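Written below as structure tokens is the structure these notes are about.
Laboratory data are not the source of any read-out in this text; all were calculated from the coordinates shown. Not measured: the values here are computed from a predicted model. Because the Cβ atoms are built from the backbone with ideal geometry, glycine has one as well, and the counts that use them run over all protein chains shown.
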Amino acid sequence: MTDWQPWAATLADKLAAESAIADDQWRAAFEGTPRHVFVPRYWELDEYNRPSRLVDGAISAHRPEWLEAAYTDRFLVTQWVADEDRRVVTSSASLPSLVARMLHILDVADGHRVLEIGTGTGYNAALLCHRVGAQKVVSVDIDAGLVADAAGRLNTVGYAPTVVAGDGALGVKGHGPYDRILSTCATRGVPPAWIDQLADGGRIVTPLTMGGALAVLTKSGPDEVSGHFDVEQAWFMAMRPATRAMPVGFLADQPQPVSDELAGLGVSSLEPKALADPDFRLWLLLHQPTLHFVEHFDNELAHAGLTVHDGADIATALRRADGPLHVRQSSPRRLWDTVEVAWRSWIDHHKPRRDRLGIAATTDDIQYAWLDHPARHQGGGGRAGVFRWPLLA
Ligand SMILES: C[S@@+](CC[C@H](N)C(=O)[O-])C[C@H]1O[C@@H](n2cnc3c(N)ncnc32)[C@H](O)[C@@H]1O
């Protein structure tokens with residue numbers, strides 16, 4: 001039997017010191033939940049962030065490293081699949097400080113019925129059971145094997161919540177309405193079933209597949225939810241559609257270099273440091289959701305820059321020392337032009353942080369992102385009209 005309590009207390013102390021845990025009840029949940037039980041083994045990542053070396057708590061030589069990792073503020077890859085030459089992560093134990101942040105903004109109270117989307121290891125479900133009682137917790141994962149393992153671990157630590165195998169985009173019928181819905185996989189928008197199954201005044205916290213946005217939504221009418229993005233970023237694996245191919249998420253393809261024959265050349269007006277600003281990137285993704293970013297760093301040559309691509313077209317901006325950003329972009333869809341348009345509107349709106357943005361969604365699957373207030377609509381023409389963006393369902 002592992003003497004895990006001091007480890008869990010140390011993790012809880014650290015999370016409290018960083019303000020990730022803000023109240024005594026969540027602190028008690030982190031102190032009282034043995035994370036190592038939920039992560040019996042995990043994969044270390046190599047320098048390309050690919051899962052590479054299995055660390056297994058059942059192997060005595062691995063135990064010290066495994067136990068330390070289980071109680072460190074680290075996300076741990078627990079499952080992956082090979083897809084051609086890629087290794088696609090299909091489940092993980094999320095970063096504890098992010099778990100704590102999301103539980104905090106979920107704003108759970110005694111007696112709340114909570115639905116978790118993405119059971120994974122079962123650790124987050126165990127924290128919820130500690131907080132509201134297992135009879136109030138329902139958790140769903142698309143992977144039946146993970147669900148069976150998680151249910152077994154939850155039982156080991158004395159909890160028997162409702163754990164279901166199925167597509168979390170459909171919610172879990174028959175156990176709601178839920179006061180709180182927490183997703184631990186990223187969605188493109190808000191699945192209508194969640195709005196249906198949410199109690200009046202209830203709250204949804206879900207990461208989006210776009211720019212690490214974390215939506216904090218309240219039921220604002222019988223058929224609709226609306227709310228801001230959290231100020232913090234939350235990067236999660238994408239929710240897998242049950243019937244479609246698995247998305248590759250954060251293990252996106254590397255683009256090919258721009259060929260000179262295709263290149264349009266120019267100088268960009270962007271402040272180079274904006275390229276690294278996650279809030280500008282989120283703003284940009286609202287204009288062009290299919291963009292991917294690849295950074296360039298070359299300290300010796302003092303080169304720095306960014307490539308944006310969408311699988312078909314590509315644009316690269318590169319800066320030497322303190323000079324301007326030189327741009328090459330392929331035609332006919334000149335992606336850098338979109339970057340420039342988004343940059344100008346970001347400046348016009350005083351460089352909004354992500355918490356000035358939010359989304360609204362209805363059960364009819366009308367979904368849009370907004371700036372400052374959901375009721376501000378597109379109109380007025382020109383730059384001033386950029387207040388609402390449709391979201392892809
Ligand atoms: C980051 S992990 C969840 C971590 C988990 N909450 C924990 O405490 O370990 C994301 C999970 O979402 C699950 N998932 C992906 N698509 C899903 C879907 N459509 N419905 C339900 N779960 C899904 C994955 O199988 C994976 O286990």
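Quick look at the numbers
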| item | result |
| --- | --- |
| For the stretch 304-365 and the stretch 215-239, distance of Cα centres in Å | 23 |
| Count of Lys pairs (Cα-Cα under 29 Å; at least 8 positions apart or interchain) in the chain | 6 |
| Rg followed by Dmax, in Å, when the chain is reduced to its Cα trace | 22.2, 67 |
| Unit charges on C-beta of K, R, D, E only; dipole of the stretch 266-356, Debye | 180 |
| Residue order, fewest to most surrounding Cβ atoms within 10 angstrom, among 219, 273 | 273, 219 |
| Distant alpha-carbon pairs in the stretch 1-60 (separation over 19 angstrom), percent | 47 |
| Semi-axes of the equivalent ellipsoid for the stretch 261-348, Cα gyration tensor, largest first, Å | 19, 16, 12 |
| Check: the chain dipole with +1 on Lys, Arg Cβ and -1 on Asp, Glu Cβ, in debye | 460 |
| Among 204-210, 349-355, the order from most to least packed when residues are scored by Cβ within 10 Å on average | 204-210, 349-355 |
| Cβ charges +1 (Lys, Arg) and -1 (Asp, Glu), total dipole of the stretch 94-249, debye | 180 |
| Size descriptor, Kirkwood hydrodynamic radius, that averages inverse alpha-carbon separations across the stretch 5-229, Å | 17.9 |
| Positive-pole candidate from 77, 60, 106, dipole of the stretch 50-121, charges at beta carbon | 60 |
| Positive-pole candidate from 366, 121, 169, dipole of the chain, charges at beta carbon | 366 |
| Computed [θ] at 222 nm, helices only, for the chain once each DSSP H run of length n ≥ 4 contributes -39500 (n - 2.57) | -7000 deg cm²/dmol |
| Among 226, 184, 147 - extreme Cα towards positive end, dipole of the stretch 5-229, charges at beta-carbon | 147 |
